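Here the structure comes first, spelled out in structure tokens, and everything after it is commentary.
The values are calculated or read from the model by the stated rules, or taken from the named source; none is laboratory data. Since we're looking at a predicted model, the values are computed, not measured. Every residue, glycine as well, gets a Cβ built from its backbone with ideal geometry; the counts of neighbours run over all protein chains shown. Keep in mind that these areas ignore ligands, DNA and RNA; they rest on the heavy atoms of the full protein, side chains included. Shrake-Rupley method; radii C 1.70, N 1.55, O 1.52, S 1.80 Å.
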Amino acid sequence: MALFGDLKHQTLADLAKILHVHTGTLFFHSSYQGKTVELVLNRGQLRAMYLDGFPVEALARARGILYQLHIQGHGAFEFHRQALLVGDVHFYDHPFASLVHELVESSFPGMGGAVIPDDQLPHPETRFVPVPHSPPVPGSLASLWALVQPHLTGGSSAAELAPQLGLSPHDMQTVLYRLRAMDLIAPQRAAGLRPAPASHHAASPQGSGFFTVNDLAPVTVAPASPAPRPLVQRLLGALRRFTQGGTA
């Protein structure tokens, strides 16, 4: 038995239900940060995971990788049914369908299952805006997107959104992480808030040796210090009168 597909058309939860009694190897080709994930199943039990051929021995990390595959909602997969040798290496023995079900349940704020490490979450003050021409929203994120998207039109951060939506700051950061992983949102650039250079130049006061705020280009302005010239003229006139008087 060989099974092919993509998570765009078949969710990870549906795939786990199909494989809940099967033995073999499930591959996700270049689906996790450009790397290939390999799952070893024995009668529906997850026995081992490999990332680009390297073993993932901690079940917590295996959960995190599966969680990422679930929330991004795309990735080509391939399952090959095969008999496992008695002496095959295994790192854990956990029902694959049950594990995926737990991850799906944890995809909604307030339902527990903190899988994403805190150091990967966006900063609470980072402002995000919707990405133009973003890919279709996966079914697993549709409810979250419908909840958050209206508040992101002008840009907003986890710290601002959390009280508006009644979520904890950590849950709000997690939501933004999921949406960003699917390229539905992106950080708002400071440059988008800066005024146009033309209007700035028009309002710039005259002076010498100054730079504009936007482009740091030197402003060439004639010197505005006429006071020294009359003083020099008075000194030269006095010198001439003194010389002429001495000559006379």
Query raised in the report: With respect to residue 20, is the statement that it is under 17 Å from residue 96 (Cβ atoms) and open to solvent by 50 Å² or more (accessible area, probe 1.4 Å) true?
Result: yes
Query raised in the report: Where residues in the stretch 127-158 are in a loop (DSSP other than H, G, I, E, B) and surrounded by 12 or more Cβ atoms within 10 Å (Cβ to Cβ), which of them is modelled with the lowest pLDDT?
Result: 138
Query raised in the report: more than 21 Å from residue 104 (Cβ to Cβ), in contact with a Ser or Thr (Cβ under 6 Å, 6 or more places away or on another chain) and surrounded by 14 or more Cβ atoms within 10 Å (Cβ to Cβ) - does that describe any residue in the stretch 171-187?
Result: yes
Requested in this report: Could you look through the stretch 43-59, keep only residues that are surrounded by 13 or more Cβ atoms within 10 Å (Cβ to Cβ), outside any strand (DSSP E or B) and of a type in the set (A, V, I, L, M), and pick out the one that is modelled with the lowest pLDDT?
Outcome: 59
Query raised in the report: Of all residues in the stretch 23-42, which are open to solvent by 30 Å² or more (accessible area, probe 1.4 Å), hydroxyl-bearing (Ser, Thr, Tyr) and either touching a Pro at 6+ places or on another chain (Cβ under 7 Å) or under 15 Å from residue 62 (Cβ atoms) (or both)?
Result: 32, 36
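Of all the residues that make up the stretch 95-114, how many are modelled with pLDDT of 50 or more and part of a loop (DSSP other than H, G, I, E, B)?
At the first step, the residues of the stretch 95-114 found to be modelled with pLDDT of 50 or more are 95-108.
When the remaining residues are screened for being part of a loop (DSSP other than H, G, I, E, B), the result is 106-108.
Number satisfying all stated conditions: 3.
Go through the stretch 159-171 and give me each residue that's part of a helix (DSSP H, G or I) and among the polar types (S, T, N, Q). Steps first, answer last, please.
Initial filter on the stretch 159-171 (part of a helix (DSSP H, G or I)): 159-165, 169-171.
Within the stretch 159-171, 164 is the sole residue that qualifies.
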